[in-house]
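Notes to accompany the following structure.
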Number of protein chains: 2
Amino acid sequence: MAASTLTEVARLAGVSPATASRVLNGSARKPGEDIAERVRQAAESLGYVPNAQAQGLAKSSSGLIGLIVHDIADPYFAAVARGVQAAAREQHRMVLLATTGGGPAEEREAVAAFAARRADSIVIAGSRSCRDEDKEGNAELAAELDRYCRNGGQVAVVGHPVVGATAPEGYHVVKVPNQELAGRLAAELARSWDGDFVIVGGPEGLLTSDDRVRGFQEGLDKAGRRPAEVLRSAFNRSGGYDAGLELAARIKAAQSGDAHATAKLCIFAVNDVMAIGAAAALRSEGLRIPRDAAIAGFDDIETLRDFRPALSTVRLPLEDIGRLATLATGPRSAGDAAEAASPGGITGEVTLRRSTEAAA
Amino acid sequence: MAASTLTEVARLAGVSPATASRVLNGSARKPGEDIAERVRQAAESLGYVPNAQAQGLAKSSSGLIGLIVHDIADPYFAAVARGVQAAAREQHRMVLLATTGGGPAEEREAVAAFAARRADSIVIAGSRSCRDEDKEGNAELAAELDRYCRNGGQVAVVGHPVVGATAPEGYHVVKVPNQELAGRLAAELARSWDGDFVIVGGPEGLLTSDDRVRGFQEGLDKAGRRPAEVLRSAFNRSGGYDAGLELAARIKAAQSGDAHATAKLCIFAVNDVMAIGAAAALRSEGLRIPRDAAIAGFDDIETLRDFRPALSTVRLPLEDIGRLATLATGPRSAGDAAEAASPGGITGEVTLRRSTEAAA
DNA sequence: CTGTTAGCGCGTTCAG
DNA sequence: CTGAACGCGCTAACAG
C-alpha cells in the first residue's frame, strides 16, 4: 500500500525507469514529446510522488535547509524564520526547524541531526554565548559545524561566528551592526534626555546583548554622558519584568525621597521583548511612561508596534536577515545576488517614539 | 570529501557493515560488548554521522513531521509551532516547516512536498476556508491528503477537517470549541455591558472566523440581546485596523450627534491580532478604550498580554494544540496517552480584562 | 534518443 | 553471534 514508484510508472508507460526519470524530473536531455506525454499520464494516473529521500541519496543533495532558533514562539525568531522560509521557498528548498533554548549542547545536537538528514545548509539564528559554562559546549558545536562544512555543508550564522569556530569553506556570517546601532540610539536619546541612563541587559556573555550594551555606552560617552549602570537578567520578557521591578522600586524611592532633584531615568532594554516586560513592571508599580521614566528597546518587533506608549527602538530588518542568511548558503548565484542587493550587509534604523519623549 | 559511511566504520573496526549497523543503531540483537566498543570507537574517530536519508529509504520511515501554517511570524502559529516542535523533539522527530499564506493550492503543494520527503505525518494548523473560490483548491488538497493517508501517512488538522476530505485511516482532527467559547464570551460580556455589540470578523467562509461569529451571536441571543452587526475584513492586524477605522467614524458621529443617547459599543474581534489592530485604529482617531468603546479578542496571544488596556479575550492553549496534533499523528501509544491526558480535547477560558470594563 | 548497469548508504533477511 | 546478499527508489554513467 506504499506510494507508487518510478519503476511502476515506467512499466505502465512501457518505458525504462531512466526515461521516466528524465521526463518527470528536470533532466538535461529531453525525451520525445510522444513518450513524455505517456509517462506523464502514467504518473498522474498512479498518483506518483517522487521519493525525495531516494533522490537525495542518489544525487547527494537533499534540498533541505536547517534552521536553528532558541524559541520559534519568540517574535524575533519568528520574523527571521519567515524570511528564511520565504527564501527557501523561492529556491525550492524546504525548511527543517530546530529549537534549542539557546544552549550550545542542544545546538550541536541540532546540527548533527541536520547533518544526518543531509541538509544542504544550516542557518543558526540565535545569539552566541561566550560564558565560561558554555565553553565546552561551544567547542563541540564548533567541531560539529566544522565537520559539517568539511563534508560540503553550507552554514550561515546570524550575528557572530560560533565561538571557537575556524572559518572553513562554506561558513558565512550575516553581520548585524548591533554595537553601532546601539551607539546611535544612545546618541539620539542623549540629545533629548537630560537624566541618567540605565541599561537592562541579558546575561553577561550573550554576544548580542553585550554588543548592544557596549555600543550604548560608547554612544553615551561620545555624547559626553556618564556611563549607564547595567542590570543583568534573562534575555526575555520575564527578565525585563524582573529588572523593571527593581528599577520601579528605585524610582519610587527617589521620588518620595527628599533629594527629589534626581533627574528622571531613561531605561534601555537590549531588546523589545525585555523592554515590554520592564514597562509592564513599572506600570504594575503604578509608574507611568514616559512620565516617570523613559524606556527604549531594540529590534522593532512588529507585534509590539501597537504597544502604547509607542516604544522607541532600533528597527532591524529581521525578515531580510533570515532571507540573506538563507541566500548566503544557497547556490553560488543566489549568494552573490544577495550580496549585490545589500552590499553593506544588514542595516538598521533608530526609531524614536513616544516612550522616550522628554515632555512630562 | 563526503561524510564517512557505515561501511567505512565497519572496515576500520574490522567487522561487517551489518554488525556495525547493529551496534550503532538500536537493533534488537546485541553484538558482543567487546566488538561493540570497537565499532563505537571507530565511529567516533571517523566522525560518523548516519545518513538519515538512507535509513529512511531502507526502513521507509523518515522521522519527519510536516507542519503547515499560514504564516510562521503570526504569533498564533508561532505558538502552535512551538508545541509541535516540543512534542516532535520528545519523539525524536524533526519538523519540516511550510508556510502557505492560507491558500488551499499552496497547502496542496506543501502536502505533496511532505509526501515526497516521506514525512511520517503532517499537521495542518491554519484555518480552513469554504469559500467558493477555494472550492477547487480544497478538492485537490483533499485528494492529496487522501492519497497521503492511503500511503500510510498520518494527518492532523487543527480546527476543522479539510473541506471535502473523506476521513481515511490516519486522519485526525484536533477540535477547538471556537463556537462554544465565543458564546461564553458573549454571555459574560452581556452581563456587564449594556450597549450594542459589533463583530469584526474575517472573510466569510473562513471556518474559524465563522465559528466564532456564530458562537458569539448565539451567546448574545441566549442573553436576550439583539444580534450584532458583522464587519468583514482580513483575518489579521491590518484587517482589524481597517474595521477599526470604520467603527471609529461611526462612534465619533454618534458622539457628536444629537441623539447622543446611543449606548457605547462593544467590539468583538474574532482574534487578538485583529482586536489590537482595531484598537490601534480607534486610538489613532482619538478614541479611548474602554471609555469610548469596549473591545475583546480571541486566542490570548502571549506577546499581547502586556498590551494596555489589557485585552479581554478567550485563552486558548495554543501550545497544547500543537502538541496534541503532533501526538495524534505519532506512534499509537503517544496518541492514546494524549487522549487520556485531555479526554475532552482542547478547552479554553474566557478572560475578561480591562478593555471591556463598563466603568467609564 | 532510449535502455541497461551500477551504485548512493543503510536495514534486514538469510546462511554460516 | 556474525557475515554475505539483497533491496529500498532513484540518478548517472555507459552501451545500443
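Bear in mind that the values in this text are calculations on the coordinates, not laboratory data. The structure displayed is predicted, hence computed values, not measured ones. When we count neighbours, we look across all protein chains shown, and the Cβ atoms used for this are built from the backbone with ideal geometry, even at glycine.
Name every residue in the stretch B:137-184 that is at positive phi and away from chain A (no Cβ under 14 Å), in order of residue number. Quick ask: steps written out before the conclusion?
At the first step, the residues of the stretch B:137-184 found to be at positive phi are B:152, B:159, B:164, B:170.
Within the stretch B:137-184, B:GLY159, B:GLY164 qualify.
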**Complete:** Among (1) of a type outside the set (Lys, Arg); (2) in contact (Cβ under 8 Å) with a residue 40 or more places away in the chain; (3) away from chain B (no Cβ under 12 Å), A:VAL273 falls short only on (3)
**Complete:** Across the stretch B:285-334, the tally of residues that are within 13 Å of another protein chain (Cβ to nearest Cβ), in a helix (DSSP H, G or I) and free of Cβ contacts under 8 Å to residues at least 12 places away in the same chain stands at 0
**Item:** Of all residues making up the stretch A:221-238, the number that are free of Cβ contacts under 8 Å to residues at least 60 places away in the same chain and in contact with a strand residue (DSSP E or B) (Cβ under 8 Å, 6 or more places away or on another chain)
**Value:** 7
**Message:** Taking the condition of being touching a residue at least 12 places away in the same chain (Cβ under 8 Å) and of a type in the set (A, V, I, L, M, F, W, C), how many residues in the stretch A:37-60 meet it?
**Reply:** 5
**Prompt:** Just one of the numbered conditions (1) under 28 Å from A:ALA98 (Cα atoms); (2) assigned to a helix (DSSP H, G or I); (3) within 16 Å of DNA strand C (Cβ to nearest atom) is not true of B:GLY83; which one?
**Reply:** (3)
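From the list B:LEU96, B:LEU64, B:LEU46, which one is within 16 Å of DNA strand C (Cβ to nearest atom) and either facing chain A (nearest Cβ under 7 Å) or buried (at least 20 other Cβ atoms within 10 Å of the Cβ) (or both)?
Working: B:LEU96 fails: within 16 Å of DNA strand C (Cβ to nearest atom); B:LEU46 fails: either facing chain A (nearest Cβ under 7 Å) or buried (at least 20 other Cβ atoms within 10 Å of the Cβ) (or both).
The unique qualifying residue is B:LEU64.
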**Asked** Say we look at the stretch A:4-51 and pick out the residues that are under 40 Å from the mean Cα position of the chain (by Cα) and part of a helix (DSSP H, G or I); which of these is farthest from DNA strand D (Cβ to nearest atom)?
**Response** A:VAL23
**Prompt:** Across the stretch A:101-114, what is the number of residues that are within 12 Å of chain B (Cβ to nearest Cβ) and crowded, with 24+ Cβ neighbours inside 10 Å?
**Reply:** 3
**Request:** Please report, ordered by residue number, the strands (runs of 3 or more DSSP E) entirely within the stretch B:93-207 with at least 3 residues that are closer than 30 Å to A:ARG117 by Cα.
**Result:** B:94-99, B:121-124, B:154-158, B:171-174
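Just to be sure I understand, how many residues within the stretch A:208-232 are acidic (Asp, Glu) and not in a helix (DSSP H, G or I)? First the steps, then the outcome.
Step one: list which residues in the stretch A:208-232 are acidic (Asp, Glu), which gives A:210-211, A:218, A:221, A:229.
The next check asks that each one be not in a helix (DSSP H, G or I); those that pass are A:229.
So the answer is 1.
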